[in-house]
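Report on the following structure.
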Amino acid sequence: MKILKKEVVWQGKYLRVILLYYQDSNGSIRQWEAVERVNCKGIVVVIPITENNEVIFIRQFRPVLGGYVVEFPAGLNDRQEQLIDVAKRELIEETGLFSDEIIFLAEGPVSSGLSTEVLTVFVAKNVQEASEKLKKFYPPDESETIEVLKIPINKALDNLNELKNQGNYLDLKIFGFLELARKFIN
């Protein structure tokens, strides 16, 4: 099986819809619709952990869902940076926190039937308040209003369930990422 051709059907400022032509295992030519990001070379997620074994989540309004979502800090590589540098930048921009210990955790597709996105996940150990200089250099995105949630790891599931019961969406990826990150928790 192989991709034969990719055609842009529509493009906006941040997204494009593409039509993929591919040859299946029987030799038939088929089509598949997909979405990809414009000017983006990867997406990162950061799992911040404090020295006191607290996990940092963020809560922000997501217009697509018309509601608030609890998730880990994340962002796009839209500046042609190394992914670890994107992780450091997004951690500061979205939480005001910093870590010298950013460790690769996992990589894989987000929604393989819909999107071309591949997510790279990092753990940030011993996060602490970023200096004012760093915060000034990496200010929050003006379109984002983010609430930072610091939750003890041993109470994470209860707290997340409570947030869900309050009407928040929970990004389902956080549960698997938490499990993967457990080996980095003291």
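The values are calculated or read from the model by the stated rules, or taken from the named source; none is laboratory data. Note that the coordinates shown come from a computational prediction; the quantities given were computed from them, not determined experimentally. Because the Cβ atoms are built from the backbone with ideal geometry, glycine has one as well, and the counts that use them run over all protein chains shown. Heavy atoms of the whole protein, side chains included, go into the accessibility calculation; ligands, DNA and RNA do not. Shrake-Rupley method; radii C 1.70, N 1.55, O 1.52, S 1.80 Å.
What to note about this one:
- Shape call, the range 70-186: gyration tensor on alpha carbons, a/c limit 1.5: rounded
- Segment Leu19..Thr145, full-extension length gain: 41.9 nm, with 0.36 nm per residue of separation and the alpha-carbon distance subtracted.
- In this simple spin-label model, placing a label point 7 Å from the Cα along the Cα-to-Cβ direction at both Asn126 and Ala106 gives a separation of 2.6 nm.
- Spin-label model, Leu172 to Arg62: label points 7 Å out along the Cα-to-beta-carbon direction sit 1.1 nm apart.
- For Gly42, nonlocal amide neighbours, meaning residues 5 or more places apart or on other chains whose placed amide H falls under 5 Å from its own, are Asn77.
- Added length on full extension, which subtracts the Cα-Cα distance from 0.36 nm per residue, Ile29 to Lys183: 50.9 nm
- Computed from Cα positions, the angle between helix 156-165 and the longest principal axis of the chain comes to roughly 70 degrees.
- For the pair Phe137 and Asp158 in one chain, pulling the backbone fully straight at 0.36 nm per residue adds 4.0 nm over the alpha carbon distance.
- HN-Hα J in Hz across the range 66-82 - Karplus 6.51, -1.76, 1.60, θ = phi - 60°, x for Gly and Pro: x, x, 8, 10, 9, 7, 8, x, 7, x, 9, 8, 9, 10, 6, 8, 5
- Rounded accessible area per residue of the range 1-147, 1.4 Å, Å²: 59 Å²
- Those residues of the range 34-48 whose amide nitrogen sits under 16 Å from the label point placed on Ser115, 7 Å along Cα→Cβ: 34-46
- Of Lys41/Lys133; Lys88/Lys164; Lys133/Lys173; Lys41/Lys135; Lys6/Lys164; Lys88/Lys150, pairs whose Cα-Cα distance is over 30 Å: Lys133/Lys173; Lys6/Lys164
- The chain, helix-only ellipticity at 222 nm - DSSP H runs n ≥ 4, -39,500 (n - 2.57), divided by all residues, nearest 500: -6000 deg cm²/dmol
- The range 18-159, accessible surface, carbon-and-sulfur percent (1.4 angstrom probe): 48 percent
- Under Karplus coefficients 6.51, -1.76 and 1.60, residue-wise ³J(HN,Hα) of the range 41-54 in Hz, glycine/proline x: 10, x, 10, 10, 10, 10, 9, x, 10, 7, 5, 9, 6, 9
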